[in-house]
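Have a look at the structure below before the remarks.
The values are calculated or read from the model by the stated rules, or taken from the named source; none is laboratory data. Source: prediction; values computed, not measured. Cβ: placed from backbone, ideal geometry, glycine included. Neighbour counts: every protein chain shown.
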Amino acid sequence: MIYPSIDKLLTKVGSKYLLVNIVSKRAKEMQEKDYYQMKENEYVSSKNIGKALEEIAKDLVIIKNED
């Protein structure tokens, strides 16, 4: 995985386990509802997992801390 970098993503999420959980939920949501945060041509990746990672990198996905 080259884009977005894992280091950048971990500064936004905090844990790689939480990142995997958020990305998988967002990718499933994209698949089921065909709802994207950006225009189709703005994504670098062609797959939903890559698109979900890009949305997290651009702060389009809000992550709530439930602690």
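Structure above, values below:
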read-out	value
Scope segment 19-36; condition part of a helix (DSSP H, G or I) and either over 14 Å from I62 (Cα atoms) or free of Cβ contacts under 8 Å to residues at least 24 places away in the same chain (or both); matching residues	V20, N21, S24, K25, A27, K28, E29, M30, Q31, E32, K33
Tally, over segment 28-67, of residues that are modelled with pLDDT of 90 or more, buried (at least 17 other Cβ atoms within 10 Å of the Cβ) and farther than 17 Å from I6 by Cα	0
Hey, K8 surrounded by fewer than 17 Cβ atoms within 10 Å (Cβ to Cβ) and outside any helix (DSSP H, G or I) or not	no
